[in-house]
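Student: My structure is below; once you've seen it, I'll send some questions.
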Amino acid sequence: MTKIAIITGSTRPGRVNLGVAQWVLQTASQRTDAEFELVDIADYNLPVLDEAMPAGYQQYSQEHTKAWSAKIAEFDGFVFIAGEYNHSVQPALANALSYLNAEFNNKAAGIVGYGSAFGVRAVEHLRGILSELQVAHVQKTGMFSLFTDFENFSTFKPTELQAASVEPMLDQVVLWSKALEQVRNGALVNA
Ligand SMILES: Cc1cc2nc3c(=O)[nH]c(=O)nc-3n(C[C@H](O)[C@H](O)[C@H](O)COP(=O)(O)O)c2cc1C
């Protein structure tokens with residue numbers, strides 16, 4: 001079965017990110033075409049990148065890197081929950097992504113953005129990082145507003161309109177995750 005991780009983007013005390021991730025997991029879990037799991041970057045206690053060698057070498061010296069690498073390697077695809085900080089990607093997520101490389105290659109991803117303007121600047125900046133990691137990021141995007149999809153800017157209560165943005169993104173992530181399994185297992189070489 002195709003496995004897709006829903007990955008948090010914030011480790012901030014009081015973050016709303018986890019609530020969004022849990023809601024996306026609940027929504028995605030109603031599907032039967034893939035398995036979904038919430039992966040909370042906060043559980044991996046990743047400090048600001050402390051590996052001497054660039055991730056591409058996969059010469060990991062730290063236990064937290066090995067644990068993070070083993071978890072990400074389990075999945076065929078990802079959904080990143082991307083809140084917006086300073087018109088860009090939350091630093092905890094950018095940091096977590098910097099630890100690894102091959103574990104993400106030739107896999108698919110979708111993004112759920114949130115912020116004062118639906119997190120669109122974080123989403124677009126994240127696309128640049130994902131391109132470098134050879135992740136096929138899908139066109140559809142989950143989009144939520146801090147003003148209308150959260151109560152008091154804290155409790156996630158999406159409007160019907162914005163909640164409907166998630167399923168088309170999941171459709172594309174599942175499809176591309178399955179397609180890229182063929183690339184990773186070599187089925188398309190000399191086909
Ligand atoms: C350092 C910082 C910078 C922020 N910059 C932006 C921004 O540029 N655009 C925006 O829409 N929201 C911005 N915000 C508001 C966050 O989107 C909001 O606080 C959100 O709850 C952050 O996600 P989190 O609670 O999961 O950490 C910023 C928040 C912080 C803490």
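Just so you know, all these numbers are worked out from the coordinates, no wet-lab data involved. None of these values were measured; they are calculated from a predicted model. Ideal geometry is used to build each Cβ from the backbone, glycine not excepted, and the neighbour counts take in all protein chains shown.
Student: Counting only C-alpha contacts under 8 Å and six or more residues apart, can you give the relative contact order of the chain as a whole percent?
Tutor: Over the chain, the number comes to 22 percent.
Student: Work out from phi, with θ = phi - 60° and the Karplus expression 6.51 cos²θ - 1.76 cosθ + 1.60, the ³J(HN,Hα) of each residue of the range 64-77, listed in order in whole Hz, and give x for Gly and Pro.
Tutor: Karplus values, whole Hz, x for Gly and Pro: 5, 5, 5, 5, 5, 4, 5, 5, 5, 4, 5, 10, 9, x.
Student: Taking amide H atoms as placed 1.01 Å from N in the peptide plane, list the residues 5 or more away in sequence, or in a different chain, whose amide H sits under 5 Å from that of Phe150.
Tutor: Lys157
Student: Near the amide H of Gly113, under 5 Å away, which other amide H atoms are found, from residues 5 or more places off or on another chain, if H is placed in the peptide plane?
Tutor: Ala82, Gly142, Met143, Phe144
Student: Moving on to the next point. When the dipole is taken about the Cα centre of the chain, and only Lys, Arg (+1) and Asp, Glu (-1) are charged at their Cβ, what size is it in debye, to the nearest 20? Don't skip to the end; give the middle numbers.
Tutor: Values: 13 positive and 20 negative charges, 37 e Å.
Rounded to the nearest 20 debye, it is 180 debye.
Student: In the chain, what percentage of the DSSP-assigned beta bridges are antiparallel, given to the nearest 5?
Tutor: Restricted to the chain, the bridges split so that about 15 percent are antiparallel.
Student: Counting only chymotrypsin sites (Phe, Trp or Tyr not before Pro) that are in a DSSP loop and have at most 13 other C-beta atoms within 10 Å, tell me the longest site-free stretch of the chain.
Tutor: The answer is 1-146.
Student: Let me ask something else about it. From the backbone phi of the range 121-129, what are the Karplus-calculated ³J(HN,Hα) couplings (6.51 cos²θ - 1.76 cosθ + 1.60, θ = phi - 60°) in whole Hz, Gly and Pro given as x?
Tutor: Values per residue, Gly and Pro as x: 6, 5, 4, 5, 5, 4, 4, x, 5 Hz.
Student: Hey, what number do you get for the chain at 222 nm if only DSSP H runs of n ≥ 4 count, each worth -39500 (n - 2.57), divided across all residues, to the nearest 500?
Tutor: That calculation yields -10500 deg cm²/dmol at 222 nm.
Student: Still on this structure, please answer the following. Per residue of the range 94-111, what does 6.51 cos²θ - 1.76 cosθ + 1.60 with θ = phi - 60° give for ³J(HN,Hα)? Whole Hz please, x for Gly and Pro, Karplus curve as stated.
Tutor: 4, 5, 4, 5, 5, 6, 10, 8, 4, 5, 9, 4, 6, 10, 10, 8, x, 10
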